[in-house]
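Right, one structure below, let's go through it.
Please treat every number below as a calculation from the coordinates, not as lab data. Keep in mind that what you see is a predicted model, and the values were worked out from it rather than measured. Neighbour counts run over all protein chains shown; Cβ positions are idealised from the backbone, glycine included.
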Amino acid sequence: MWSILARGKGNVILASFCLCAVSATTLRSQDASNSLANGVQSLRQGRTFVAIKALRIALAEGNLHAHLPLAEAYFVLNQRKLFKEEIALAKAAFPLDPEAFYVEGRYRFQVEKDVETAAKQFQLALVRSADHYKALCYLGICLREMRKEEEAEPLLLKSVQLAEQSKSSFYLPYQSLAEYYLQLNRLEEAESMIGKAVALAPRVAMNQFLHGKVAWAAKKNDVAVVSLNAAIKIDPAFLQAYYLLSRVLSAMGDKDGANRRLTEFQTLKDIYGLGQRQ
Amino acid sequence: MAWANVNSGLLGIVALLCADMAFAQTHAPPSNSTSPQAKSREELDAFGAIMEAGNPVRTVETAQQFLNAYPNSEFIVYAALAGADSSCDLGKLSQCAGLARQALQANPNNIDALLLSARLIVAPGIENPPKHRMEAKTFAATALDLLKRKTIPTASEAGVWLRTRNSFEAAGKYVLGSVEFLDGNLDSARVLLDQAVALDPRGEYLLRLAMLCAAKGDSGAQAMAARAIAAGPEWVASFARELLRPEKRVTNDQP
């Protein structure tokens, strides 16, 4: 439907160009801008193929800003060759923009699992914008994966600070720091960080799960039960939550509840498998 | 309704394709690093046209265009399946069989292709001698075995995964139940078909259950046939209407 409208507009533009070059130029740029906006909107709505169509029209109309969202669309569809071509074009079009480097970093990290190359891309994004709190956060996460946790902590803390300043709901640095502090048994800091992550994004199962895990470590079993139940309610496939909940309930003396959750864990394992959840 | 049912299998394609958490706030790996890869933008656009077709007729058209234009594509199995599902929905069972065969040739271990091929072998109105029934049984058993080893992709929504999984499991049970029915083992057929309908009350499965009830002289046959008619698609409803006619008895022949 959208593409039909777009083609319709194209004909109008062509006719206008024959009649009046100035107004046609205005219409042309408006149309390119609309194609880009429609493409980006479709991408955010999860209509990836529709987005690709619109963004390719925007590019055909000369809007170089379409390269980056198009690269994102290929990333979403796991199209490795097309992503690499498109992100290179996005960087060439706007070499000072940190965003293309950030997106490539995400790709290297998530798809190729190449943590070192990903870290370099996040660093290149930060060279272009030192306040890019998402690049800071992901660089911190990469460093944690590379076992450079002491270097990672200040980056994650700075990401938290910048995200707070910009009133963003970006919860990932809190989550990552909470995991780190939990590993070190710095439970007060872990509780504070995961509490903020939950406040920012209570509907994220991983936030609720980590909240429960930290509470369990801090021997706050009632809190752990509430959080782990919340994680299960949000994501019934979050099997680690069932397992931990059965342990917490068992420790609280609720043997029936513990057995019930353990049985659910065993049953659901066959349905969902033991894949990682978020 | 039928469109939504038939395309439940396509959810699997989405799960396979998507590095689904790509822009969510997470650092988990993508769902599948072996997703099919398009060799060109045009190839991906052509595949996108199938996914965005919006109705069965258009889906079949775009799928066939894709299969003709990109015979060596890594998307062949998904394009063929999309076309096959829609052909089935439209009651074009021989077209559906051709496309399902193409999908199965492209990937003999594709669960959706195995189940669809098996369903077509045992479909009412299709001649299915014992050799073919055995093949259907093997396809279904293989698919159910492969299904057991599947794990939910990291960012897939649990409900969507469960619906897709149930739809596959139901198809497997339906095929196994139908083979039992065709072999004359009505009691074991009943168990399997009841399980299939409980997992996914698709018209095709309800019709088979109605046929089984009729064969056993069970009073539930009419109610089951009425449910099959309501569930559709039209080719299923047509068989079910025949079943409701007292002078006719549908076995496995064309109505």
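The table that follows gives values for the structure above.
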read-out: Segment B:45-134: relative contact order as a whole-number percent, Cα under 8 Å and 6+ apart; value: 20 percent
read-out: Karplus-derived HN-Hα couplings along segment A:140-155 (A = 6.51, B = -1.76, C = 1.60, θ = phi - 60°), whole Hz, x at Gly and Pro; value: x, 5, 4, 5, 4, 5, 8, 6, 9, 5, 5, 6, 6, 3, x, 5
read-out: Nearest-ten-degree value, helix A:48-60 long axis tilted from longest Cα axis of chain A; value: 30 degrees
read-out: Segment B:139-222: trypsin sites (Lys or Arg not before Pro) in DSSP loop, at most 13 other beta carbons within 10 Å; value: B:Arg149
read-out: Per-residue average of Cβ from other chains inside 10 Å of B:39-52; value: 4
read-out: Distance between modelled label sites at B:Ala198 and A:Thr263, nm, 7 Å Cα→Cβ extension; value: 1.6 nm
read-out: Across A:Lys167/A:Lys213; A:Lys91/A:Lys158; A:Lys134/A:Lys213; A:Lys84/A:Lys233, pairs whose alpha-carbon gap is larger than 30 Å; value: A:Lys84/A:Lys233
read-out: Restricting segment A:54-139 to trypsin sites (Lys or Arg not before Pro) in coil, as DSSP defines it, with at most 14 other Cβ within 10 Å; value: A:Lys113
read-out: In order through segment A:251-267: 3J(HN,Hα) via Karplus (6.51 cos²θ - 1.76 cosθ + 1.60), integer Hz, x for Gly, Pro; value: 5, 7, x, 8, 5, 4, x, 4, 5, 4, 5, 5, 5, 4, 4, 5, 5
read-out: Exercise: per-residue mean of other protein chain Cβ atoms within 10 Å, A:71-83; value: 6
read-out: All aspartates and glutamates inside 14 Å of A:Lys220 as judged from Cα atoms, apart from same-chain residues fewer than 8 positions distant; value: A:Glu188, A:Glu191
read-out: Label-to-label distance, nm, for residues given as A:Asp222 and A:Met252 (7 Å Cα→Cβ offset); value: 1.0 nm
read-out: Normalised alpha carbon radius of gyration of segment B:156-255 [divisor 2.2 N^0.38 Å]; value: 1.07
read-out: Contact order relative to length of chain A, as percent, for alpha carbon pairs under 8 angstrom and 6 or more apart; value: 7 percent
read-out: On Cα atoms only, tilt of A:172-183 relative to the major axis of chain A in degrees; value: 30 degrees
read-out: Selection of trypsin sites (Lys or Arg not before Pro), segment A:139-239, meeting DSSP coil and at most 15 other Cβ within 10 Å; value: A:Arg147, A:Lys148, A:Lys167, A:Arg186, A:Arg203, A:Lys219
read-out: 30 Å Cα-Cα threshold exceeded, pairs from A:Lys113/B:Lys39; A:Lys81/B:Lys150; B:Lys39/B:Lys150; A:Lys113/B:Lys137; value: A:Lys113/B:Lys137
read-out: Helix A:187-200 vs. chain A, principal-axis angle (Cα, 0 to 90°, nearest 10); value: 40 degrees
